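Worksheet: the structure to be examined is printed underneath.
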């Protein structure tokens, strides 16, 4: 009988122990799940916030990249426009330089020819002295042929000719735009030396015509000729 009571008492004690132990395990599990749920929720909110920030930054980055590309294209357009303007200004400056050269406003240099016209040798049997001296029409023949052959600038005894220059014969001298020059008359022209020389030396051309009129004609090619601006310009 006592043995049965002892066994029954042990069952009660074990039941109480298991009950307490089960309660403790259940409480511990509940506490752990609660803490885990709380931590997980906070972490999820933090991850969501960071992800939203990342999405926002990526969107801003795309906008900035698009803006940068647009500005780069505009810079390229401006550079192209400036390049075209620079070419236009260069062409204008080049044209202005050519016009100044043709108008005789600037000094010019280049290859060309030098023609010297000298009065013919004195002939005592010739009664008319005009038959062996250089006249303005002789000079005109040379100048016209030079211009026709592409001369860019022409001078007589160093005096530059313009598009409206005039040449007059005044006894043994000639007047070029009011300035007198004695013989010999040195006509210099800038242009293709070979072309200018060939034009003057054509058979039956300017040279033969002047020689037949007792004018001494000398032609020399020059690698560099310098002609000053027009007088008074």
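The values are calculated or read from the model by the stated rules, or taken from the named source; none is laboratory data. Note that the structure is predicted; figures quoted are calculated from it, not measured. Every residue, glycine as well, gets a Cβ built from its backbone with ideal geometry; the counts of neighbours run over all protein chains shown.
Within region 71-83, is there a residue that is touching a residue at least 40 places away in the same chain (Cβ under 8 Å) and either outside the structural domain of residue 195 (by TED's automatic domain parsing) or crowded, with 16+ Cβ neighbours inside 10 Å (or both)?
From region 71-83, those touching a residue at least 40 places away in the same chain (Cβ under 8 Å) are none; that's our starting set.
Scanning region 71-83, I find no residue that is touching a residue at least 40 places away in the same chain (Cβ under 8 Å) and either outside the structural domain of residue 195 (by TED's automatic domain parsing) or crowded, with 16+ Cβ neighbours inside 10 Å (or both), so the answer is no.
Anything in region 211-233 that is closer than 13 Å to residue 141 by Cα and either part of a strand (DSSP E or B) or touching a helix residue (DSSP H, G or I) at 6+ places or on another chain (Cβ under 6 Å) (or both)? List them, or say none.
215, 217
How about region 199-219: which of its residues are touching a residue at least 24 places away in the same chain (Cβ under 8 Å) and surrounded by 13 or more Cβ atoms within 10 Å (Cβ to Cβ)?
199, 200, 205, 206, 209, 210, 213, 214, 215, 216, 217, 219 - these are the residues of region 199-219 that are touching a residue at least 24 places away in the same chain (Cβ under 8 Å) and surrounded by 13 or more Cβ atoms within 10 Å (Cβ to Cβ).
Which of the numbered conditions does residue 199 fail, given that it passes all the others? Conditions: (1) at pLDDT 90 or above; (2) out of contact with any strand residue (DSSP E or B) (no Cβ under 9 Å at 6 or more places or on another chain); (3) over 24 Å from residue 163 (Cα atoms).
(3)
Residue by residue through region 123-136, note down the ones that are under 19 Å from residue 172 (Cα atoms) and either surrounded by fewer than 11 Cβ atoms within 10 Å (Cβ to Cβ) or at pLDDT 95 or above (or both).
Residues satisfying the conditions are 124, 127, 128, 130.
Of the numbered conditions (1) surrounded by fewer than 20 Cβ atoms within 10 Å (Cβ to Cβ); (2) touching a residue at least 24 places away in the same chain (Cβ under 8 Å); (3) not in a loop (DSSP other than H, G, I, E, B), residue 120 fails exactly one; give the number of that condition.
Single failed check for residue 120: (3).
Provide a single number: the residues in region 159-198 that are surrounded by fewer than 20 Cβ atoms within 10 Å (Cβ to Cβ) and part of a strand (DSSP E or B).
12
Would you confirm whether or not region 102-117 contains a residue that is in contact with a strand residue (DSSP E or B) (Cβ under 9 Å, 6 or more places away or on another chain), part of a helix (DSSP H, G or I) and modelled with pLDDT under 85?
Yes: region 102-117 contains one or more residues that are in contact with a strand residue (DSSP E or B) (Cβ under 9 Å, 6 or more places away or on another chain), part of a helix (DSSP H, G or I) and modelled with pLDDT under 85.
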